[in-house]
Amino acid sequence: MAKRRGRLRSWILLLVWIALTVVALSVPIHRPPRIVQRGLDKAIHTGLFTVMGVLGQAATPWATLFLTAPIAFGVEWLQKKLPTGRTWEEVDLVANLLGLALGVVCFELSTRLR
């Protein structure tokens, strides 16, 4: 019973994090701050998706592959379609996927080292 409750919490956290990430990466930005222009944007993408990878693995192992990976592509596609001042960049997509991979590795290492 406690394990089921933990999985439910993981799913809730994952869904909330997905919603926050999609909103954060699709908010209109007409003139990004200079620090974001210099590459911090890639670190932000990687960080957001690393957390998503960890939460996906905590919810259930297939969630990262079948749920969060399409979101990594979808967020970039959404940035391309919305008139928000954001643009499609392949490097952002790579940062998203790298973040997911880092999240999976971090989660798996932490469970094996426990």
Subject >> Breaking point among (1) in contact with a Lys or Arg (Cβ under 7 Å, 6 or more places away or on another chain); (2) part of a helix (DSSP H, G or I), for A63 >> reply: (1)
Subject >> The one condition in (1) in contact with a helix residue (DSSP H, G or I) (Cβ under 9 Å, 6 or more places away or on another chain); (2) more than 30 Å from K3 (Cα to Cα) that P28 fails to fulfil >> reply: (1)
Original post:
Within the range 83-114, which residues are under 29 Å from V27 (Cα atoms) and acidic (D, E)?
Top reply: E89, E90, D92
Original post:
Of all the residues that make up the range 55-95, how many are buried (at least 17 other Cβ atoms within 10 Å of the Cβ), under 13 Å from L14 (Cα atoms) and among the polar types (S, T, N, Q)?
Top reply: 3
Original post:
Can you find even one residue in the range 70-85 that is modelled with pLDDT under 90 and either more than 22 Å from V23 (Cα to Cα) or of a type in the set (S, T, N, Q) (or both)?
Top reply: yes
**OP:** Check off (1) at pLDDT 80 or above; (2) over 30 Å from R112 (Cα atoms) for P28 and give me the number that stays unchecked.
**Re:** (1)
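The values are calculated or read from the model by the stated rules, or taken from the named source; none is laboratory data. Remember, it's a predicted structure, so these values are computed and weren't measured experimentally. A quick note on method: Cβ atoms are made from the backbone with ideal geometry, for glycine too, and the neighbour counts reach across all protein chains shown.
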